[in-house]
């Protein structure tokens, strides 16, 4: 077999020693049917393997036969009446079916004088022979497992489409087989890659998704990812892997380019030619659609559409599942994930970068044409792998350019790529960028130049103010185009591939390669310092981001550089010392962040001028800031933050008159004793946390109905003003608070609008908790994390509006006496002292029958069992069910053993991994805990519109919940097999017991 050089390539070789392998019982058919079939195949020039030795029953497969099976393309097992009498034949069949499942080889069974059902069910002569084998094995464990594998292989082979001969002319029967085989081997496999490294695991991932797809129907799978990630290569390997198993197949390459240059109708013509050998000239796309539907709707077809970028292409070439016959597979590669969801593709898979190990291997082959390289080059290669960040295209380009070069030349080449990206890499990556509209391109360039690794909320806030409109839809489009990712435990971090970051910065650099002051964005420290010191600002500059890792950066300038930056909208400077204050700041500024900037009068200068357009002002960690002067020159300010200004002692009253202010953050201003009165009708958040000397809460001069959150942790505030009643809010960590000296009726008025209480890490006494709950009777969210309570009071049961109760790390908590009647979420991570009676109470069916509950608590020392009201229970890494007609209401329970590893859960629907919106499915989970939650399928299935057709047809839809773990030792994985899982189907008007089942309906 060819292409043996790189590891993992042998599985994807497309040259075979034998085109056909015949498996047969010699005494039945060697001198008759099989001999004639062999002769007919060889007469047609089809290289066929036949074992002409007279092997006795019980003989084992020799290594040479093992190799022959591995190196054959098509297998023809001839099932005759005594086939199962030979253990040799049965072992051979097991190996053949293994190649069918793992290597995509074609198995073409011939049922010669036998009923396929006898083979499928091991009845008749097949049952008799297997019974004899079982007796001879005498319960030997190894041989009994061998018998089990024989039965599976017989059943699988008998279920395949093949040829059935019982009477008639053998030569005509043989002619049909030979003609079919000739057609199959006439299809030439596609060239994949010179060095197909790391493909085996990728193919198996996709194959596992295909195996979980629609049972017997038409499966559509989308492969998406950034350009150069290897989507097309993977699609070619899959095509070679499984194409022989279909009646006809077609790989349409470069759909994006070819549809633009050759028009879609030519691609339709190519599809009909490759699948049906039908030569036709179409008048247009609308004429081609009915042709394709009419001619292919009965054919089992493999269709691959490579590099699709437009929904019109899908409508013209694969408009729906009803276009193709049962068992067909359509694979689409694209850079645009949204395209797949829009076309209701049920299985979507992101093609990710190569592992470091595979990347090094590919680089070695590209640069040295050998796996082994001189040790002196290892550092260079590791450097190149980091640069490529798993992108196969970059590895190939870099590797080929390092070929034949000395160590010094290689080092110099890599250094150049980091300064100026290689044009071949840029060209491929830039295709996705060019497909964006102008606004989307601008947002991408901002993220690439400034905001990689930043919090999503911060990016959206800054860019919304920078552009003056909401950019959420632009962020979504960039995610769909695989240009950025939203990652992190809570999906709140913005990131992108290193080479996409380089591409974005290179696009901006090319705006003015030699003069950075004429670029729209400045992020390079040296460029910014040069422009400021040389007073080279221009109207081209729209955003500047200067971040010094430490406070040692001093900019010696004359303060006039900003004067010419008349279009500067966003200025972010962190940890920089200016020798002089700026003498001018452009009025165009909308976002100004001066974090940690050391200048005594810088802030004063800002407030001396009127900035009508400024929306965000941040002066965090400015140690020289002692006073906040009159801010009336910022009438449209929406966010004002001055966190950790340790020397701030006074704030001008004008801050309380900023009508449009939404967020006011004074966290950590440790010397601040007073806060001016507030008339802020737009205020949403006020944070006074760690203002340790703050003696009183600011007086509220108007009804502030928009305020939702106030932080007061670690202040000296003892009382709240009566105007506090104007707030509908969250009260965060006010452990120093005393209740106002008014009558009891006044208490209830003042605290009636508090709907969130957070006492996280607060040493709140039990008596105070009782009082707080009594007066905050309408609280909806209560956080007592890291509390010191042993008992939760009975008055909790009076909190009828409470939906969320967080008790995490209350390690002394033993008993919950009162329980909010409408509670939906209870988090009790690490509450290890909970009594067994409390745990049993938390598992009560009555608490969960209304649905939408999510409870988490430790298993405890006593063995905890799944309650009987869970109809389906199992042990292991996953649990599953099938439903039809209507999306059911499902409650899950999972009891994880204590393995001291973080775990998570993944949800699969029809083989498609869904993005579950509920936060608990994204966080790492503590083992040794019980998780009881409502799946809320209708909301949590990201693309549940793909189920509409299946539901209308009353098809069974497969759902699986699996443990998610990686980098966990094998012994821990084995221990996780003791995980207990259960499913409860909540009864609803439109659901019956028959709508949800727990056994595969297609294997009945």
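So the values come out like this:
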| item | result |
| --- | --- |
| Any hit, region 379-402, residues being over 17 Å from residue 362 (Cα atoms) and out of contact with any strand residue (DSSP E or B) (no Cβ under 9 Å at 6 or more places or on another chain) | no |
| Any hit, region 946-962, residues being more than 30 Å from residue 322 (Cα to Cα), surrounded by fewer than 19 Cβ atoms within 10 Å (Cβ to Cβ), at pLDDT 75 or above and touching a strand residue (DSSP E or B) at 6+ places or on another chain (Cβ under 9 Å) | yes |
| Any hit, region 694-710, residues being closer than 18 Å to residue 618 by Cα and part of a loop (DSSP other than H, G, I, E, B) | no |
| Selection from region 17-71 of residues that are over 28 Å from residue 186 (Cα atoms), modelled with pLDDT of 90 or more and part of a loop (DSSP other than H, G, I, E, B) | 25 |
| Matching residues, region 307-343, being crowded, with 23+ Cβ neighbours inside 10 Å, in contact (Cβ under 8 Å) with a residue 60 or more places away in the chain and within 23 Å of residue 436 (Cα to Cα) | 332, 333, 334, 335, 340 |
| Residue 244 vs. criteria crowded, with 17+ Cβ neighbours inside 10 Å, over 22 Å from residue 186 (Cα atoms) and in contact with a strand residue (DSSP E or B) (Cβ under 7 Å, 6 or more places away or on another chain) | no |
| Filtered residue count, region 278-334, keeping only those that are within 34 Å of the chain's Cα centre (by Cα), closer than 17 Å to residue 258 by Cα and assigned to a loop (DSSP other than H, G, I, E, B) | 3 |
| Of the criteria (1) closer than 19 Å to residue 420 by Cα; (2) surrounded by 18 or more Cβ atoms within 10 Å (Cβ to Cβ), which one residue 542 fails | (1) |
| Count of residues meeting criterion [assigned to a helix (DSSP H, G or I) and touching a residue at least 12 places away in the same chain (Cβ under 8 Å)] in region 424-475 | 34 |
| Output for region 361-375, where each listed residue is surrounded by fewer than 21 Cβ atoms within 10 Å (Cβ to Cβ), in contact with a helix residue (DSSP H, G or I) (Cβ under 6 Å, 6 or more places away or on another chain) and free of Cβ contacts under 8 Å to residues at least 40 places away in the same chain | 373 |
| Residue match in region 550-564 (condition: in contact with a strand residue (DSSP E or B) (Cβ under 8 Å, 6 or more places away or on another chain), more than 22 Å from residue 532 (Cα to Cα) and either surrounded by fewer than 19 Cβ atoms within 10 Å (Cβ to Cβ) or modelled with pLDDT under 90 (or both)) | no |
| From 135, 142, 101, residue being over 30 Å from residue 210 (Cα atoms), at pLDDT below 90 and in a helix (DSSP H, G or I) | 142 |
| Members of region 482-510 that are touching a strand residue (DSSP E or B) at 6+ places or on another chain (Cβ under 9 Å) and free of Cβ contacts under 8 Å to residues at least 24 places away in the same chain | 485, 487, 488 |
| Selection within region 562-580 - without any contact (Cβ under 8 Å) to a residue 40 or more places away in the chain and under 13 Å from residue 539 (Cβ atoms) | 562, 563, 564, 565, 566, 567, 568 |
| Test: residue 838 is more than 25 Å from residue 770 (Cβ to Cβ) and surrounded by 14 or more Cβ atoms within 10 Å (Cβ to Cβ) | no |
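The values are calculated or read from the model by the stated rules, or taken from the named source; none is laboratory data. Not measured: the values here are computed from a predicted model. Cβ: placed from backbone, ideal geometry, glycine included. Neighbour counts: every protein chain shown.
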